Amino acid sequence: MAFKIFMVYHSHIDIGYTERQEKMTVYQSDFINQAVNYAISEKQEGRAGDHKFKFTAEGFWAVEKFLEKYGEEGLERLKAAVKSGMFELTGCYFHMAELLNYDNIKHSLNYVQDFSRKNNFPQVKAAMASDINGFSWGFSDALYESGVRYLATNINTHHGGAPFGKPMVPFYWETPLGRKILVWNGLTYHKANLLGLIPGLTPIGDPGIPGMLVEESGFIDVCNTDYAHKRIFAMVDGFKKNGYPYDFTAIMGSALYTDNSPCGDEHCELIKEWNEKYGDEIEIVTSTLEEFFEYMESNLKNIETYRGDWNDWWTDGVLSTPNETKLFRNAQRVQELIKKLDPDMKIISEDEHEAISNKLITYSEHTWGHSASYSDPCRLLVAQLDARKAKLAFDADVLACTAWDKLSRVLGEGEFKHRRPFEYTVINPSDQKRNEAVCLYTDFWEDGLFQSGEYKVVDEKGNELAFQRTYALRGAVIFCNVELEPKETKILKIVFEKGNSINQSRLDRDKCTYENDFFKLSYGENGIYSIIHKGSGEELIDTKDYLFGAPVYQVFYNGNRGDAAGFGYGKRKKPLDTIYKGRINNFFVKESGDIFTQFRAEIEIEGAKRVNVEYFVYNNSSKIDVRVEMAKELVMDPEGMYVAFPFKIKNGCWMLDKAGAYFAPGEQLPSTCCDYYPVCRGVVLSGDNLGISVNTLDTPLIAIGR
């Protein structure tokens with residue numbers, strides 16, 4: 001029986017990386033136009049089924065841009081191409097780093113399904129992921145709920161290894177809710193080019209296929225099946241020697257050996273020539289993803305099932321843009337808050353939410369800068385790509401904050417007037433009862449009203465609340481504690497008359513301790529070294545190795561990132577690293593009052609010019625806020641700057657909060673990344689009697705253990 005190769009033809013989508021993002025929009029819309037025309041050309045009628053032109057659209061974003069450019073006439077041609085079976089729509093919008101929450105992941109998968117329903121196309125069943133190395137476990141449930149049952153991945157091994165440590169592994173990925181997605185963990189894309197199946201110039205050298213020999217470097221102009229004969233027979237022979245158990249595989253190809261590739265159809269005639277010569281030994285057929293998966297499902301009866309996260313090596317790139325990612329996370333968080341306060345979209349419309357979500361989704365697209373951003377960072381084009389990427393985060397934050405301002409006005413925010421009443425609307429958006437410190441802001445020109453010290457904070461019933469006034473940007477803020485039932489609203493007022501002094505500071509400067517109803521904290525010249533939970537008597541931090549809230553710097557001098565990533569399915573090798581720990585030069589109490597105590601640590605560490613850490617502990621709350629401010633130095637070697645949270649509790653187990661799933665580190669597919677984890681809100685340390693949650697507002701990445 002002949003070995004069967006399914007050749008899937010596509011154009012890899014990188015919005016950026018090779019050109020300006022708006023240029024990519026033009027290119028990709030034209031590529032879809034080319035593919036549509038090839039799919040319905042008259043030449044198709046004379047081609048047999050094994051070598052007809054078939055195109056798989058990697059992501060719906062490119063199709064969307066085609067429709068924007070080519071309008072109704074383009075839509076009619078696209079309909080004909082899809083209905084012919086020669087043009088395949090797939091489930092993903094494009095390929096993304098792990099930044100989105102579950103709602104926005106689901107939203108990104110709805111674009112193509114909504115389009116298919118509107119145009120009476122069959123439900124899209126297959127999705128394609130190229131480059132990226134993984135996905136949140138919850139992504140599998142989002143795929144299933146959207147109607148997708150098949151997922152083909154073609155990872156880039158520059159950036160990390162494949163599950164199971166090797167490619168071409170079919171498996172069922174069991175979702176957190178117990179459903180199943182059939183996955184083909186395939187070879188990196190462009191293998192059809194490297195194997196000589198696409199006419200034109202193609203590089204020779206290491207094809208990145210296990211079992212194949214490396215040739216001399218250079219290029220060859222493919223014009224017949226001679227080079228393909230040499231390489232493909234060698235590939236199949238290598239499969240057999242390495243124990244590959246199947247008599248079929250899938251390889252991906254494009255018109256050119258480049259990301260963002262145009263289309264051509266010359267490969268159809270080359271495949272016809274191949275099958276006429278060698279088809280009785282190795283048959284090659286053009287295929288859609290769905291056709292490949294249907295063949296696999298009908299021919300393999302004992303496909304194994306695996307549960308767990310598919311942790312992504314790719315997402316570390318988002319830390320190269322910390323400010324932009326901070327704004328992205330704020331925008332996504334504000335959108336979530338708006339949905340809690342306006343669940344029926346009576347105030348903030350569906351269209352307004354769509355505008356926010358689309359900016360968030362597009363910022364999450366997996367490319368992070370030009371391909372020369374490391375080797376040649378000062379070029380204009382590199383700066384242009386960075387700026388356009390950043391603008392997506394800025395736009396998302398502007399849209400989310402604008403929607404928040406609109407909602408706030410409806411919920412009770414007043415106009416900005418020259419004499420404003422010091423009256424504040426406080427809302428609990430949660431489904432749980434809350435006792436929180438809230439912030440009542442005042443501006444610098446109002447400072448004179450507070451100089452006498454004769455003022456107080458009262459609720460609508462006249463009850464006087466404890467408060468603490470402190471510095472804020474362009475003014476001051478009054479903190480006070482409020483207890484609110486689920487969804488409850490209260491009105492607070494600042495009244496300028498003498499109040500009752502409620503001295504609730506919990507700091508003992510002589511003993512260097514702070515104590516509230518929840519914990520006792522001890523500090524010294526080397527920072528906070530003990531937090532004892534009162535209910536259980538347990539010590540919550542272990543500072544023998546790392547200081548609570550202090551930076552830890554890891555650098556791989558002259559390190560090769562490809563070694564650590566397991567480039568080309570090779571064994572992962574950790575380069576020699578050096579680890580530095582932050583040294584506290586000054587630790588002191590900055591402020592202590594009726595609501596909170598603020599500590600400040602001034603720290604020095606390699607890799608940064610300055611690090612300041614501030615800790616806020618609250619008299620009526622078990623919450624501790626940690627604010628880390630850092631002036632990072634430019635370092636060209638691979639590096640990581642961490643903030644240590646050395647928490648410990650009895651039988652404590654860390655749990656990750658990822659999009660659509662809660663689970664423990666290590667509960668993941670074999671050989672996926674365990675160096676760091678992208679998270680949505682943060683992590684939880686869960687023990688016998690206690691739990692500690694760490695809400696990481698500004699960064700999506702955490703590392704567990706050493």
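The values are calculated or read from the model by the stated rules, or taken from the named source; none is laboratory data. Keep in mind that this is a model prediction, so the values were computed, not measured. Note that we place each Cβ from the backbone using ideal geometry, even for glycine, and neighbour counts take in every protein chain shown. These accessible areas exclude ligands, DNA and RNA; they are computed on the full protein's heavy atoms, side chains included. Shrake-Rupley method; radii C 1.70, N 1.55, O 1.52, S 1.80 Å.
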Kirkwood hydrodynamic radius, the range 254-333, all distinct C-alpha pairs: what's the number in Å? 18.1 Å
quick shape note, the range 91-143: Cα extents on principal axes in Å, largest first -> 32, 22, 15
If I compute solvent accessible area with a 1.4 Å probe over the protein chains, what percent of it on the range 346-497 is carbon and sulfur? 52 percent
Largest-first ranking of 456, 125, 498 by accessible area, probe 1.4 Å, whole protein assembly kept, is 498, 125, 456
To the nearest 20 debye, what is the magnitude of the charge dipole of the range 490-569 about its Cα centre, counting +1 on the Cβ of each Lys and Arg and -1 on the Cβ of each Asp and Glu? 440 debye
For the range 288-355, which trypsin sites (Lys or Arg not before Pro) pass both filters: DSSP loop (anything but H, G, I, E, B) and at most 10 other C-beta atoms within 10 Å? 301, 346
Just to be sure I understand: if I project the alpha-carbon convex hull of the range 113-155 onto a plane and average over all orientations, what area do I get in nm²? 3.2 nm²
Relative to the Cα centre, what is the charge dipole magnitude of the range 589-706, using +1 at the beta carbon of each Lys and Arg, -1 at the beta carbon of each Asp and Glu, and rounding to the nearest 20 debye? 280 debye
GluC sites (Glu not before Pro) within the range 411-475: DSSP coil, no more than 16 neighbouring Cβ in 10 Å: 413, 415, 454, 460
Projecting the Cα atoms of 279, 249, 208 onto the charge dipole of the range 174-298, where Lys and Arg contribute +1 and Asp and Glu -1 at Cβ, the residue farthest towards the positive end is 208
What is the distance in Å between the Cα centres of the range 648-675 and the range 323-390? 26 Å
Compute the projected area of the convex hull of the Cα atoms of the range 361-446, averaged over all viewing directions, and report it in nm² to one decimal place. 10.3 nm²
For the range 304-408, shape from the Cα gyration tensor axes a ≥ b ≥ c, cut at a/c of 1.5 then a/b versus b/c, turns out oblate
How big is the Kirkwood radius of the range 569-706, worked out from every pair of different alpha carbons and given in Å to one decimal? 17.6 Å
Explain nothing, just the number: dipole magnitude of the range 462-508 about its Cα centre with +1 on each Lys and Arg Cβ and -1 on each Asp and Glu Cβ, in debye rounded to the nearest 20. 240 debye
From the Cα gyration tensor of the range 73-190, with a ≥ b ≥ c the square roots of its eigenvalues, which class applies: rounded if a/c is under 1.5, or else prolate if a/b is larger than b/c, or else oblate? prolate
Taking the Cα atoms of the chain alone, what are Rg (to one decimal) and Dmax (as a whole number) in Å? 29.1, 98
Table column - 3J(HN,Hα) (Hz), the range 336-347, Karplus curve with 6.51, -1.76, 1.60, x for Gly and Pro: 4, 5, 4, 5, 5, 8, 9, x, 8, 6, 7, 10
From highest to lowest solvent-accessible area (probe 1.4 Å; ligands, DNA and RNA excluded), 174, 42, 58, 633 read 42, 633, 174, 58
Would you rank 605, 624 by solvent-accessible area, highest first, keeping every protein chain in place and using a 1.4 Å probe? 624, 605
So which GluC sites (Glu not before Pro) in the range 471-565 pass both tests, a DSSP loop state and at most 12 other Cβ atoms within 10 Å of the Cβ? 497, 525
Rg/Rh for the range 485-570, where both radii come from Cα atoms and Rh is the Kirkwood radius: 1.26
Would you tell me the accessible area of residue 496, worked out with a 1.4 angstrom probe on the heavy atoms of the protein chains, in Å² to the nearest 10? 80 Å²
Distance violations [Cα-Cα > 29 Å] among 326/573; 79/272; 359/417; 544/609; 4/241: 326/573; 359/417
For the range 620-687, shape from the Cα gyration tensor axes a ≥ b ≥ c, cut at a/c of 1.5 then a/b versus b/c, turns out oblate
Give, as a single signed number, the net charge of other residues whose beta carbon lies under 14 Å from the beta carbon of residue 79, with Lys and Arg counted +1 and Asp and Glu -1. 0
Fraction in percent of alpha-carbon pairs per bin - 10 Å, the range 144-197: 21, 43, 29, 6, 0
So what are the radius of gyration and Dmax for the Cα set of the range 431-522, in Å? 15.2, 42
